[in-house]
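Notes to accompany the following structure.
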Amino acid sequence: MKEVTKTGGNPFGCHRVIEPVGVLPQPAEKIDNNFTNLWDNELLVDVDYLNIDSASFTQIKAEQGDDDGAICDRILEIVSKRGKMHNPVTGSGGMFIGRVAVVGEKLRDKCDLEVGDKIVSLVSLSLTPLKIDRILQLNKKTDQVKIAGQAVLFENSLHAHMPEDIPETLALAVLDVCGAPAQTARLVQVGQTVVIVGAGGKSGLLCCWEARKRAGVNGRVIGIEYSKEGLEALRSLKLCDEVIQLDARDGLACYEAIAKMTDGQLADVVINCVNIDDTELPSIMMCRQRGKVYFFSMATSFTKAALGAEGIGKDVDMLVGNGYARGHAEYALDIIRVSADIRAFYETQYV
Ligand SMILES: NC(=O)c1ccc[n+]([C@@H]2O[C@H](COP(=O)([O-])OP(=O)(O)OC[C@H]3O[C@@H](n4cnc5c(N)ncnc54)[C@H](OP(=O)(O)O)[C@@H]3O)[C@@H](O)[C@H]2O)c1
């Protein structure tokens, strides 16, 4: 049993920042992951699974030559150096599943958690103090890593109870990207043409489902995928009105294809759900003047998007992919509950 001895912890977790002093835990270079003594406003969790953010996992896989041992070593190295799973290249994290081990005194009346409860974190691993004792299993297909370790959630850190009707690795996958369909619901209007880039991925599918629902019978949802398998899976789910194969990094090809399909009108809304670099400008090129481009991807560069749009004279509203929207977790889980096809497909991938 850990001792809860320290008081006066900051609600945002600043008390665990080691360097640079004075910043918040997310932008910090290094945070304290020593859990021998806890602050009284912290929640200690025994972690079972990490879901590494797709942009981060893709970068580590490429850097380590797809080698399992080297990928595990890199994950351990990042966590030991930074005190959190904060990829220094992509800047992104992921989230975790675990069981509550200690509820700090100050939180007992404020939260609905008890020791032993199974929870999913809804804040990024890029700001979550984490200690990994051992990596037990690495699943390169799902970006999920089974570990023995512990993490701390702060007073203001979002979390959700593990749903009882959905297998936990599936819930982890859905909750990792649960901001995407909730934001899509806010963005897409009846009758609009929506292009979803990386439509066959975890977040892409949920956005396709939501966009199809919002755009209605006079709207149009176009899904862009790259790999042959991704295209086949996306077509079989029938979530999009059209599915096309394009490389999301190829601006001219993307622009010409969407211009042709829309008689030059282009898309009202473009939603970017890829896990690779250099897709900002192609996404912008597919959008009409005064349309909206939503960059959910963590591989998005603000500079490339802003300067790229200016460079081609594109007056579009660009939205940063905030991972949080009120009620986002239940919203995404409900899609899995309502759509038997998406659930069945996800089960083949994540369970
Ligand atoms: N904003 C947030 O809070 C937040 C939260 C979680 C994740 N994310 C980010 O959101 C993005 C999507 O995450 P995810 O978990 O949905 O990823 P995912 O399941 O790995 O899906 C990525 C998709 O991108 C497609 N893709 C890759 N290269 C492509 C290319 N050259 N052209 C067209 N499509 C390509 C992939 O297609 P193939 O499989 O066919 O290659 C796949 O369908 C990632 O960048 C992730 O880091 C953001």
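The values are calculated or read from the model by the stated rules, or taken from the named source; none is laboratory data. Predicted model, so just to flag it, every value in this text is computed and none were measured. Here Cβ is always computed from backbone atoms with ideal geometry, including for glycine, and neighbour counts include all displayed protein chains. Surface areas here come from the heavy atoms of the whole protein model, side chains and all, with no ligands, DNA or RNA. Shrake-Rupley method; radii C 1.70, N 1.55, O 1.52, S 1.80 Å.
Once the C-beta distance of Ala185 and Asp241 is scaled by a Förster radius of 25 Å, the resulting FRET efficiency is 0.85 to the nearest 0.05. Per-atom-type breakdown for the chain gives carbon and sulfur 50% of the accessible area (1.4 Å probe, protein chains only). Distance between the 7 Å Cα→Cβ label points at Lys140 and Asp68: 0.9 nm.
Here's the list of lysines a cross-link from Lys118 could span, going by alpha-carbon distance under 22 Å and ignoring same-chain residues fewer than 8 apart: Lys2, Lys84, Lys106, Lys110, Lys131, Lys146.
Projected over every direction and averaged, the convex hull enclosing the alpha-carbon atoms of region 1-104 yields 6.9 nm².
Sequentially through region 48-65, phi angles give Karplus couplings (6.51, -1.76, 1.60; θ = phi - 60°) of 9, 9, 9, 10, 6, 3, 4, 5, 5, 4, 4, 5, 5, 4, 5, 5, 9, x Hz, Gly and Pro residues having no value and appearing as x. For the pair Glu29 and Asp278, the difference between a 0.36 nm per residue extended length and the Cα-Cα distance amounts to 87.1 nm. Panel note: the C-alpha atoms of the chain, placed on their principal axes, show extents of 66, 42, 39 Å (largest first). The residues of region 197-312 have, on average, 45 Å² of accessible surface per residue, using a 1.4 Å probe with all protein chains present. In summary, the aspartates and glutamates within cross-link reach of Lys61, defined as a Cα separation below 15 angstrom excluding same-chain residues under 8 places away, comprise Asp53, Asp73, Glu77, Asp143, Asp277. So which of Lys6/Lys81; Lys228/Lys260; Lys140/Lys260 end up more than 27 Å apart, counting from Cα to Cα? Lys140/Lys260, as the Cα separations exceed 27 Å there. Working note: 222 nm ellipticity from helices only, DSSP H runs with n ≥ 4, each -39,500 (n - 2.57), summed and divided by the residues of the chain, gives -10000 deg cm²/dmol to the nearest 500.
What does a probe at Val351 reach in region 150-181, counting residues whose amide N is under 16 Å from the point 7 Å along Cα→Cβ? Within reach of a label on Val351: 163-175.
Per the Kirkwood definition applied to all pairs of different Cα atoms, how many angstroms is the hydrodynamic radius of region 63-214? Numbers along the way, then the final one.
Numbers: mean 1/r = 0.0576 Å⁻¹.
Its Kirkwood hydrodynamic radius stands at 17.4 Å.
Rounded to the nearest 20, the size of the Cβ-charge dipole of region 229-351 about its Cα centre is 280 debye, with Lys and Arg at +1 and Asp and Glu at -1. What region 1-108 shows is 42 Å² of accessible area per residue, with the surface traced by a 1.4 Å probe over protein heavy atoms. Taking 7 Å steps out from each Cα toward its Cβ at Lys260 and Ala148 produces label points 5.7 nm apart.
One chain, two ends: Leu307 and His161. Fully extended at 0.36 nm per residue, the span grows by 48.4 nm beyond their Cα-Cα distance. Net charge dipole, region 1-80: roughly 360 debye, given to the nearest 20, about the Cα centre with Cβ charges of +1 for Lys and Arg and -1 for Asp and Glu.
Think of each Lys and Arg Cβ as +1 and each Asp and Glu Cβ as -1; about the Cα centre, that makes the dipole of the chain roughly 440 debye.
Using the alpha-carbon atoms, what tilt in degrees (0 to 90, nearest 10) does helix 202-215 show relative to the longest principal axis of the chain? That helix lies at roughly 50 degrees to the long axis.
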